[in-house]
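The values are calculated or read from the model by the stated rules, or taken from the named source; none is laboratory data. Since we're looking at a predicted model, the values are computed, not measured. Every residue, glycine among them, receives a Cβ derived from its backbone with ideal geometry; neighbour counts consider all protein chains shown.
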């Protein structure tokens, strides 16, 4: 069962199933919405709330029926405070209504009732900031993220855990050895595999950079593998296959700059997104 | 030079100096603003935007001239979307104007221009969400937080890095061994010590739970040590001294529930805060 383009997603499917269905139609590409000063300037926009709104409206128009997944980078909206969040929540609602899977790239991480607060903010149906999935950070222990896994399970939302990122400072933390002798990145992936165990693709995912040298084994993850670092940062489909192995069908390569640099024309943005979506087809 | 109560803080002092000055007058207590459903219910408020506003107004009235540090838990405002952030930013502005040091407990962590977005959101003078300090998470590598350290240095703001938290899931990550054989928690504290090196207390701080069993050595940190877990969670001043050693003067024990449970009366909240502030005096 696939989710027709232009129609709100079927909530009876897991997040993993919804991703596979939409990727089968449009390719697995995730386009990042990263309205930082440099991109707004490039598009001839002012770096202020008006510029943010215009960037976002244009991006929504371009990507609402073009790509499988859109990933707003929450920091760039947060920088404008409450007014920025209003722009973000309107954009997420519009994209979701069109059937796009929206991943709020928030990298939230906390414990107990505080983590439940973040889970509610991003995954609770009817919440102003409701997304289809949210990225989360496991510094406080993967299982401190239980409230977000719980809400993901309850509503078939996605919880995407940072495992192995591609920035140069990442190995200093993520390749550290746990008490059981594995790397932290691998421990995250192994725990996600447990959470996703079952016949159906699960609601939990991982973030693994497409340029990481020492990748965790991803065969058992059974959920979305969000892979930043493709395009401007140098990652290729060969990297995606090398890193994901058997799990490559779960990979959603994320391109931000290399698509956004083609704006502000809607047609140019769509053409770039379609080109990447086809190139990155598994 | 101390910062008089009821007067906006002197921005020529480092965040560490401002904390020591204000703690000398009011005690080192940090009161957490944690408007979760249970607290609102206890105060006879509805768990909605109106309840959130009334909780926050009451807390601002109670703590604006009573305690050294107030720490809003961002998740509970984020749960209400843009409207919740509006409540938060108004409260932070009012508290800061009264001279309170406001730590936005946001636990943000990302890389590159995205981290710069978070730094700008919370630490840039004039930003809608401007705080005195923000908590940050080092899962992507301590040095991925460079933009927040940079803005902290530029404006004498605080950047408080999660080092060793007191939740049961924390050791699985934070006691992992780095490539140089130390624990991750210790590696965070050592890097903060380098960033704060100098004669004056620095702008960077660490979060270390008052109930951690295996604490990193904090002697060289030379900046705020934010210590949750005191009060309802069982941490005591003896724990603070055991954990901080020579650095105990930098400790800001954080109490949330045990103070908030005394509400909604402003006088009762103030009495509870003053009692803890005196008890927790180093």
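Taking segment A:72-115 as the range and being assigned to a loop (DSSP other than H, G, I, E, B) and either more than 8 Å from every other protein chain (Cβ to nearest Cβ) or over 18 Å from residue B:34 (Cβ atoms) (or both) as the test, the residues that pass are A:79, A:80, A:98, A:99, A:100. All conditions in (1) under 30 Å from residue B:91 (Cβ atoms); (2) in contact with a strand residue (DSSP E or B) (Cβ under 9 Å, 6 or more places away or on another chain); (3) not assigned by the TED database to the domain that holds residue A:192 hold for residue A:62, with the sole exception of (1).
Results for (1) buried (at least 24 other Cβ atoms within 10 Å of the Cβ); (2) in contact with a helix residue (DSSP H, G or I) (Cβ under 6 Å, 6 or more places away or on another chain); (3) within 23 Å of residue B:26 (Cα to Cα), shown as yes or no for each residue.
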residue	(1), (2), (3)
B:189	yes, no, no
B:202	yes, yes, yes
B:205	yes, no, yes
B:214	no, no, no
B:230	yes, no, yes
B:255	yes, yes, yes
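Got at least one residue in segment B:195-208 being farther than 26 Å from residue B:151 by Cα, under 19 Å from the mean Cα position of the chain (by Cα) and outside the structural domain of residue B:43 (by the TED database)? Steps first, please.
Filtering segment B:195-208 down to residues farther than 26 Å from residue B:151 by Cα leaves none.
Scanning segment B:195-208 turns up no residue that is farther than 26 Å from residue B:151 by Cα, under 19 Å from the mean Cα position of the chain (by Cα) and outside the structural domain of residue B:43 (by the TED database).
Can you confirm whether segment B:37-59 contains a residue that is surrounded by 24 or more Cβ atoms within 10 Å (Cβ to Cβ) and more than 14 Å from chain A (Cβ to nearest Cβ)? Yes, segment B:37-59 has at least one match. Scanning segment A:141-157 turns up no residue that is within 25 Å of residue B:113 (Cα to Cα) and either without any contact (Cβ under 8 Å) to a residue 24 or more places away in the chain or touching a helix residue (DSSP H, G or I) at 6+ places or on another chain (Cβ under 8 Å) (or both). Checking A:82, A:91 one by one, the residue that is under 20 Å from the mean Cα position of the chain (by Cα) and either at pLDDT 95 or above or surrounded by fewer than 24 Cβ atoms within 10 Å (Cβ to Cβ) (or both) is A:91 and no other.
Take residue B:247 and decide whether it is in a helix (DSSP H, G or I), in contact with a helix residue (DSSP H, G or I) (Cβ under 8 Å, 6 or more places away or on another chain) and buried (at least 16 other Cβ atoms within 10 Å of the Cβ).
Numbers: in a helix (DSSP H, G or I): yes; in contact with a helix residue (DSSP H, G or I) (Cβ under 8 Å, 6 or more places away or on another chain): no; buried (at least 16 other Cβ atoms within 10 Å of the Cβ): yes.
Against the criterion (in a helix (DSSP H, G or I), in contact with a helix residue (DSSP H, G or I) (Cβ under 8 Å, 6 or more places away or on another chain) and buried (at least 16 other Cβ atoms within 10 Å of the Cβ)), residue B:247 does not qualify.
Evaluating residue A:47 against the criteria (1) assigned to a helix (DSSP H, G or I); (2) more than 19 Å from the chain's Cα centre (by Cα) leaves one unmet condition, (1).
On the basis of being more than 9 Å from every other protein chain (Cβ to nearest Cβ), touching a helix residue (DSSP H, G or I) at 6+ places or on another chain (Cβ under 8 Å), within 14 Å of residue B:259 (Cα to Cα) and not in a loop (DSSP other than H, G, I, E, B), does residue B:32 make the cut? Answer is yes for this residue.
May I ask you to list the residues in segment B:58-71 that are touching a helix residue (DSSP H, G or I) at 6+ places or on another chain (Cβ under 8 Å) and either touching a residue at least 60 places away in the same chain (Cβ under 8 Å) or assigned to a helix (DSSP H, G or I) (or both)?
Just the residues of segment B:58-71 that are touching a helix residue (DSSP H, G or I) at 6+ places or on another chain (Cβ under 8 Å), to begin with: B:58-64, B:66-70.
Answer for segment B:58-71, where residues must be touching a helix residue (DSSP H, G or I) at 6+ places or on another chain (Cβ under 8 Å) and either touching a residue at least 60 places away in the same chain (Cβ under 8 Å) or assigned to a helix (DSSP H, G or I) (or both): B:58, B:59, B:60, B:61, B:62, B:63, B:66, B:67, B:68, B:69.
Restricting attention to segment B:97-114 and to residues that are in contact (Cβ under 8 Å) with a residue 60 or more places away in the chain and more than 14 Å from the chain's Cα centre (by Cα), the residue that is surrounded by the most Cβ atoms within 10 Å (Cβ to Cβ) turns out to be B:99.
Can you work out which of the residues in segment A:168-186 that are more than 20 Å from the chain's Cα centre (by Cα) and closer than 19 Å to residue A:210 by Cα is surrounded by the fewest Cβ atoms within 10 Å (Cβ to Cβ)?
From segment A:168-186, those more than 20 Å from the chain's Cα centre (by Cα) are A:168-169, A:171-173, A:175-184; that's our starting set.
Still in the running and closer than 19 Å to residue A:210 by Cα: A:168-169, A:171-173, A:175, A:183-184.
Working: A:168: 11, A:169: 17, A:171: 19, A:172: 20, A:173: 24, A:175: 19, A:183: 19, A:184: 24.
Checked segment A:168-186; the qualifying residue surrounded by the fewest Cβ atoms within 10 Å (Cβ to Cβ) is A:168.
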